[in-house]
Amino acid sequence: MLDLIDATPLGTTSKGALDAPSGGDDRVPYVVVRGARGGPTLLVTAGVHGAEYASIDAAYRVAEDTDPASLSGTLVVLPIVNPAAFWARSIYVNPIDGLNLNRVFPGDASGSYAPRLAAWLHETFLSRADALIDLHGGDLVEALEPFSIYARGHEASRQLALAFGLPHLLSSESRGMSYEVTRTHGVPAIIAEASGQGLRGEQDVALLVEGTRRAMRHLGMLDGEDVRAPIREHETFAWLSSPERGLWTPSVAAGETVEVGQTVGVLRDLTGRTLHTATAPGSGVVLFVVSSLAMNAGDPLVGIGVPPSSA
């Protein structure tokens, strides 16, 4: 990344595509917007999951609409970091090794496709940034309520997420996600999610674009007041997964408030016999719900943001 920045004169924008040493034959596009004044380097990524299209559109728009003359510092945008998954329209995983890129950071340079790609991204880009915003959304089979997530206990990341301004915020102890760079290098990092089900609605794209701009003002990269909207913080992110293969019918929608023990959906076999009734493990807000009828063992069903009083 530093070579790309050095090759971009102050007050200009450069674009191109890079060969990732991950074993695939696709290229990773980039945009570098180098401000006329000094400041931090913000890395914005998208396309970790290749079918989360609103986030990819938002990353491109952030890059295209940022004027280097008004920018302090450097904006580096990687709008499609997992090209194998993008071109295959793959859900959750890439088609080369069947792994979820957002579960293997900081990666392994000697591993299969996803760990090698993660290692390259981590060492070349994530660990060399002053802050990371990884744009996401619900995948092709997920309806989603906008939220941000960060590594639990890292206050600089929490403040970045609060500045981004999505209506729900979670701290997480999960490992292997892009914000693992917070733990390895102390970099403030968040995942910001909006839209889903393959949609690219203007409202959701704009939500991610404006959130990134608020975060850039928070970092001192753009002029303007750091205005923060009310945000609901959740203590835990309770996921329900399918215990076996079956036909899934959810009974809740993204954004709906549920109570502990409430039925959130039913899994049936091919004859219509009930295999499993999924119930909320805690009271909170449904942040995502899978809309696919086809469900395999281990697939996610519903994710619920649980506030501290219900955790």
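The values are calculated or read from the model by the stated rules, or taken from the named source; none is laboratory data. Because the structure is a prediction, the values reported are computed rather than measured. Using ideal geometry, Cβ is built from the backbone for each residue, glycine included, and neighbour counts are taken over all protein chains shown.
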Would you point out which residue out of S283, S251 is at negative phi, surrounded by 15 or more Cβ atoms within 10 Å (Cβ to Cβ), hydroxyl-bearing (S, T, Y) and out of contact with any Gly (no Cβ under 6 Å at 6 or more places or on another chain)? S283
State whether the residues of region 255-272 include one that is touching a Leu at 6+ places or on another chain (Cβ under 8 Å), assigned to a loop (DSSP other than H, G, I, E, B) and at pLDDT below 95. no
Residue match in region 266-279 (condition: surrounded by 14 or more Cβ atoms within 10 Å (Cβ to Cβ) and in contact (Cβ under 8 Å) with a residue 40 or more places away in the chain): no
How many residues does region 55-105 contain that are part of a helix (DSSP H, G or I) and not hydrophobic (A, V, I, L, M, F, W, C)? 11
Those residues of region 60-80 that are touching a residue at least 60 places away in the same chain (Cβ under 8 Å), in contact with a helix residue (DSSP H, G or I) (Cβ under 6 Å, 6 or more places away or on another chain) and crowded, with 23+ Cβ neighbours inside 10 Å come to a total of 2
Does E235 fit the bill of being of a type outside the set (S, T, Y) and under 11 Å from T279 (Cα atoms)? no
For G282: the one exception among (1) touching a residue at least 24 places away in the same chain (Cβ under 8 Å); (2) farther than 24 Å from Y92 by Cα; (3) of a type in the set (G, A, S); (4) not in a loop (DSSP other than H, G, I, E, B): (4)
Condition check for S195: in contact with a Phe, Trp or Tyr (Cβ under 6 Å, 6 or more places away or on another chain) and crowded, with 24+ Cβ neighbours inside 10 Å: no
Which one is modelled with the lowest pLDDT among residues in region 221-254 that are within 22 Å of R34 (Cα to Cα) and either under 23 Å from the mean Cα position of the chain (by Cα) or polar (S, T, N, Q) (or both)? D226
Look through region 127-170, keep the residues that are surrounded by fewer than 19 Cβ atoms within 10 Å (Cβ to Cβ) and polar (S, T, N, Q), and return whichever of them is nearest to R200 (Cα to Cα). Q159
